[in-house]
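Data first, discussion second: the structure below is written as structure tokens.
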Amino acid sequence: MGNSALKSHLETSQKTGVFQLTGKGLQEFPEELQRLTSNLRTVDLSGNKIELLPAAIGNFLQLKSLTLNSNRLTSLPPDIGKLKKLETLSLNLNRIQQLPPALGQLKSLRTLSLAGNQISEFPPGLATLRQLDLLDLSRNKIQNVPAEVSELQAIEINLNQNQISVLAVEVSRCPRLKVLRLEENCLELSSIPLSILTDSQVSLFSVEGNLFEVKRLRDLDGYDKYMERFTATKKKFT
């Protein structure tokens, strides 16, 4: 990509606070962006070939949205934890295997999207994200949902298309969880904690494509209670 094109992008970004450069074959995070650390609020570099996010990402203190979908990232630098104003972090379709503990310092984060990566364990340390609304971990390699999940503040957790066969009972204790998506995993009917139906806030529990027929959920104790929440939520939106 020519320097003049990049220059005009930078000039526009200086005025708007938005830098968007998608599908241009970039192999690295543009160093020139360092000039705009004080006023960039949105960065979208999706559809490039970026393999590394530099430590300097921590200098973008005004950043509210960072999108790097469809790149070649394998990890994130600890410095990402400095982005205290970041509300959206979207890293779908990369090669990330695990997240740095510093991610738990993103106090303003509302959306964390990591669909289509290579994460094999449910990420620890996300309980500190008190503002988190959506956690998307679909299309990864996660095999179980651990007890620590009970401390997550997310309203929606998407775990579709993983390899989950174990679902901790504690998932029903998530204080704000309304939507739990577990389609196309390896769950048996006996792996479903009844407390999700009886004692949780979950009003949409999506389990199609597992090792049992969905209609067998109706035989479980507490299904009626779950349906009451499901119906009440539906009415709210119709």
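The values are calculated or read from the model by the stated rules, or taken from the named source; none is laboratory data. Not measured: the values here are computed from a predicted model. As a convention, Cβ positions derive from the backbone with ideal geometry for all residues, glycine included, and neighbour counts pool all protein chains shown. Surface accessibility is based on the protein's heavy atoms, side chains included, excluding ligands, DNA and RNA. Shrake-Rupley method; radii C 1.70, N 1.55, O 1.52, S 1.80 Å.
Summary of computed values
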read-out: Any hit, the range 15-33, residues being touching a Pro at 6+ places or on another chain (Cβ under 7 Å), free of Cβ contacts under 8 Å to residues at least 60 places away in the same chain and under 22 Å from L106 (Cβ atoms); value: yes
read-out: Every pair of residues 6+ apart whose Cβ atoms lie under 6 Å, when the first sits in the range 106-129 and is at positive phi while the second is open to solvent by 10 Å² or more (accessible area, probe 1.4 Å) and part of a loop (DSSP other than H, G, I, E, B); value: G116/N92; G116/L93; G116/R139
read-out: Output for the range 167-199, where each listed residue is assigned to a helix (DSSP H, G or I) and either touching a residue at least 12 places away in the same chain (Cβ under 8 Å) or of a type outside the set (S, T, Y) (or both); value: V169, E170, V171, S172, R173, L189, S191, L194, S195, I196, L197, T198
read-out: Top-ranked residue of the range 1-34 - restricted to ones that are among the small types (G, A, S) and in a helix (DSSP H, G or I), ranked as surrounded by the fewest Cβ atoms within 10 Å (Cβ to Cβ); value: S4
read-out: Unmet criterion (only one of (1) closer than 16 Å to S138 by Cβ; (2) in a loop (DSSP other than H, G, I, E, B)) for F205; value: (2)
read-out: Flag if R216 is part of a helix (DSSP H, G or I), free of Cβ contacts under 8 Å to residues at least 40 places away in the same chain and not small (G, A, S); value: yes
read-out: Among the residues listed as K24, K7, the single one being modelled with pLDDT of 90 or more and more than 15 Å from L91 (Cα to Cα); value: K24
read-out: Hits in the range 95-113 (condition: of a type in the set (A, V, I, L, M, F, W, C) and either in contact with a Ser or Thr (Cβ under 8 Å, 6 or more places away or on another chain) or within 15 Å of D133 (Cβ to Cβ) (or both)); value: I96, L106, L109, L112
read-out: Search result, residues across the range 209-238 that are open to solvent by 90 Å² or more (accessible area, probe 1.4 Å) and in contact with an Asp or Glu (Cβ under 7 Å, 6 or more places away or on another chain); value: L211
read-out: Qualifying residue in the range 35-54 (condition: in contact with a helix residue (DSSP H, G or I) (Cβ under 6 Å, 6 or more places away or on another chain), part of a helix (DSSP H, G or I) and either under 22 Å from G116 (Cβ atoms) or open to solvent by 20 Å² or more (accessible area, probe 1.4 Å) (or both)); value: no
